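Since the structure comes first, as structure tokens, the remarks are kept for the end.
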Amino acid sequence: MPSVDQHDPNRVIVFDTTLRDGEQAPGFSMGVEQKLEMAHALAALGVDIIEAGFAAASPGDEEAVRVVSGEVEGPVFCSLSRATESDILAAHRALSHNRRRRLHIFLGTSPIHRQAKFNMTADEVLEQAVNAVSFARTMFDDVEFSAEDAIRTEPEFLADVLEAVAIAGAHTLNVPDTVGYSTPAEIHELFDYLKRRVIDNHPDTILSTHCHDDLGMAVANTLAAVKAGARQVEVAINGIGERAGNCALEEVVMALRTRADQFGLTTSVDTTKLVGVSRLLSKVTETPVPRNKAIVGINAFAHEAGIHQHGVLADARTYEIMLPQDVGFDGASFVLGKHSGRHAVSKRASVLGHDLTGNLLSAVFAGFKRRADEIGEIDDTELLAIIHSATSDQHEHRGAHAPA
């Protein structure tokens, strides 16, 4: 049986593939020690499953899967595998010491994969899928099957394959948008069909979604699949992965949490650790997170526009749909720049120990605007210098007009 409880219809299983699909993308390669550091962080984050690697890909990858799954406790550990006995055996060697283990078999099912990659008929692909799952079940209680390029596979044939592998013993049926081709409406329709055709007849199985971001819709497609009945999401921190990347873990988890009114679903993730794990991955891979990255970018809860700053000071809910503390930030950040208003400048000056009113506030604000046009963001050092200059000017002005 699966190593993760799949019977709660209101819970979404979080399958993290940062260390496999994410790590195999150019620029994100990790050594064993780096994978181990990330795995500890992912376990603390509360993900249900960690896909630690592709054991058959290389001796180094097999070793990484073995070390990570042996030293980190909590999640189920998984290795990817092609639908071949040699790959399955490599995964079993790497995971043999861990009782909370899963094998993830993939096999291309679309016409282009059947013809260009395998030169196989549909019947031959179906037979190989069943044989691989049957063989895997002699060593693994928990087997997941992925129909690679599922979105470009004929729906009827896709359902035939998924039903056949379910009968052979696969408990998780993954329907990946391998090339990031789908749209939310299309993927919702497909998952709805597969739920009725396969899952309703095999209640011990669940549908999983794995979306790539080639058209910028990985998160939207994942959420559409969840709406249609998927109860496992395959995701990566910061959305790293092949080509344009995978569905971003932090975005899906916070969408489910923030829009509970729409989904009514939960995950096991401790969202207060999202920023920390994101920054750790950035450090490990030496790849900065874009400022405007949803949820974990430094601008996600930052405000420069004066109207926004004034609103947030009055009530954060005017412009923030989540609390920054909920994802691991200390609090909302006001970025002082040319778009900032007098209220925000006065507020920050007060925090720095300067209560500005009247002509002094006007002078500081005028100096602030001039300097912001020159350099952009105004940090505390710059603001203090502007305050000091304006204060000195006022003192000199008063001195020049004092009676002799």
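The values are calculated or read from the model by the stated rules, or taken from the named source; none is laboratory data. Not measured: the values here are computed from a predicted model. Backbone-built Cβ (ideal geometry, glycine too); neighbour counts: all protein chains shown.
Considering Ala122, Ala116, Ala147, Ala159, which residue is without any contact (Cβ under 8 Å) to a residue 40 or more places away in the chain and closer than 11 Å to Val175 by Cα? Exactly one of Ala122, Ala116, Ala147, Ala159 is without any contact (Cβ under 8 Å) to a residue 40 or more places away in the chain and closer than 11 Å to Val175 by Cα, namely Ala159.
Here Val14 meets the list (1) touching an Asp or Glu at 6+ places or on another chain (Cβ under 9 Å); (2) farther than 26 Å from Ala218 by Cβ; (3) touching a residue at least 24 places away in the same chain (Cβ under 8 Å) almost entirely, failing just condition (2). Residue count for region 239-281 satisfying the condition of being in contact with a His (Cβ under 8 Å, 6 or more places away or on another chain) and either within 16 Å of Ala225 (Cα to Cα) or hydroxyl-bearing (Ser, Thr, Tyr) (or both): 2.
Against the conditions (1) small (Gly, Ala, Ser); (2) over 13 Å from Gly337 (Cα atoms); (3) modelled with pLDDT of 75 or more, Ala402 satisfies every one except (3).
Answer with yes or no whether Gly169 is on the phi > 0 side of the Ramachandran plot, touching a Lys or Arg at 6+ places or on another chain (Cβ under 8 Å), free of Cβ contacts under 8 Å to residues at least 60 places away in the same chain and not polar (S, T, N, Q). So Gly169 passes the test. Residues of region 26-54 that are modelled with pLDDT of 95 or more, part of a loop (DSSP other than H, G, I, E, B) and at positive phi: Gly46 alone. When the residues of region 355-394 are filtered to those that are modelled with pLDDT of 80 or more and not in a helix (DSSP H, G or I), the one that is nearest to Leu336 (Cα to Cα) is Glu377. Would a scan of region 325-343 turn up a residue that is surrounded by 13 or more Cβ atoms within 10 Å (Cβ to Cβ), assigned to a helix (DSSP H, G or I), at pLDDT 75 or above and touching a Gly at 6+ places or on another chain (Cβ under 6 Å)? No, region 325-343 contains no residue that is surrounded by 13 or more Cβ atoms within 10 Å (Cβ to Cβ), assigned to a helix (DSSP H, G or I), at pLDDT 75 or above and touching a Gly at 6+ places or on another chain (Cβ under 6 Å). Listed conditions (1) of a type in the set (A, V, I, L, M); (2) outside the structural domain of Asn131 (by TED's automatic domain parsing); (3) surrounded by fewer than 18 Cβ atoms within 10 Å (Cβ to Cβ) are all met by Val4, apart from (3). Tell me, which residue of region 172-208 that is without any contact (Cβ under 8 Å) to a residue 12 or more places away in the chain and of a type in the set (D, E, K, R) is surrounded by the fewest Cβ atoms within 10 Å (Cβ to Cβ)? Filtering first and then ranking leaves Asp200. Quick check on region 206-217. Is at least one of its residues over 14 Å from the mean Cα position of the chain (by Cα) and farther than 27 Å from Ala25 by Cα? So far as region 206-217 goes, yes, one or more of its residues are over 14 Å from the mean Cα position of the chain (by Cα) and farther than 27 Å from Ala25 by Cα.
Test Glu23 against the stated conditions and say whether it is more than 18 Å from the chain's Cα centre (by Cα), over 18 Å from Val233 (Cβ atoms) and in the same structural domain as His113 (by TED's automatic domain parsing). No.
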